[in-house]
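Please read the structure below before turning to the comments.
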Amino acid sequence: MISSVLVVVGGFLGAICRFAISQWFTRRVSSFPIGTLMVNLLGSFLLGWITGNNLNESWKLLFGTGFMGAFTTFSTLKWESVQMANNEEKRKCFLYIALSYSLGILFAYIGYLLGSLMKG
């Protein structure tokens, strides 16, 4: 029961943070889905850090599963990519996908390495 509560609380907080950060970036750069890119890159780094730091199970459920699960958004990345492709913005679509995947993996790895260095 407590595991479910941790995931729910983390998810609630993650969704609110994603919305706020994404909206903040989107108001500044409306021609590119920078908000989604930023939350996904930050989320990749943080999930890598959480995993590398080897936190106990409760923290992993709260922050790894709950918060990061709601904070990052794979479906929005896909939908925005489809919209760009349908609007004949192929270059922008390719750039968005390339940055999302390549930097996402890199940030997750850097987060993991830093987390591994910080664990007791």
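The values are calculated or read from the model by the stated rules, or taken from the named source; none is laboratory data. Keep in mind that what you see is a predicted model, and the values were worked out from it rather than measured. Don't worry about glycine lacking a Cβ; one is built from the backbone with ideal geometry, like all the others, and counts go over all protein chains shown. Ligands, DNA and RNA are stripped out before the accessible areas are found, and what is left, the full protein with its side chains, is counted by its heavy atoms. Shrake-Rupley method; radii C 1.70, N 1.55, O 1.52, S 1.80 Å.
Considering Ser102, Ser75, the condition of being over 12 Å from the mean Cα position of the chain (by Cα), of a type in the set (S, T, N, Q) and assigned to a helix (DSSP H, G or I) is satisfied by Ser102 alone.
Determine whether the stretch 78-99 contains at least one residue that is in contact with a Lys or Arg (Cβ under 9 Å, 6 or more places away or on another chain), open to solvent by less than 70 Å² (accessible area, probe 1.4 Å), among the small types (Gly, Ala, Ser) and in contact (Cβ under 8 Å) with a residue 12 or more places away in the chain. Checking the stretch 78-99: not a single residue is in contact with a Lys or Arg (Cβ under 9 Å, 6 or more places away or on another chain), open to solvent by less than 70 Å² (accessible area, probe 1.4 Å), among the small types (Gly, Ala, Ser) and in contact (Cβ under 8 Å) with a residue 12 or more places away in the chain. When restricted to residues that are open to solvent by 60 Å² or more (accessible area, probe 1.4 Å), part of a helix (DSSP H, G or I) and farther than 30 Å from Ala85 by Cα, the stretch 24-54 contains 2.
Residue by residue, here is whether (1) farther than 22 Å from Gly11 by Cα; (2) among the acidic types (Asp, Glu); (3) assigned to a helix (DSSP H, G or I) holds:
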| residue | (1), (2), (3) |
| --- | --- |
| Leu61 | no, no, yes |
| Trp79 | no, no, yes |
| Glu88 | yes, yes, no |
| Leu113 | yes, no, yes |
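Scanning the stretch 5-23 for residues that are free of Cβ contacts under 8 Å to residues at least 12 places away in the same chain and either open to solvent by less than 70 Å² (accessible area, probe 1.4 Å) or touching a helix residue (DSSP H, G or I) at 6+ places or on another chain (Cβ under 7 Å) (or both) gives Val5, Ala20.
Residue count for the stretch 24-53, restricted to those that are without any contact (Cβ under 8 Å) to a residue 40 or more places away in the chain and β-branched (Val, Ile, Thr): 4.
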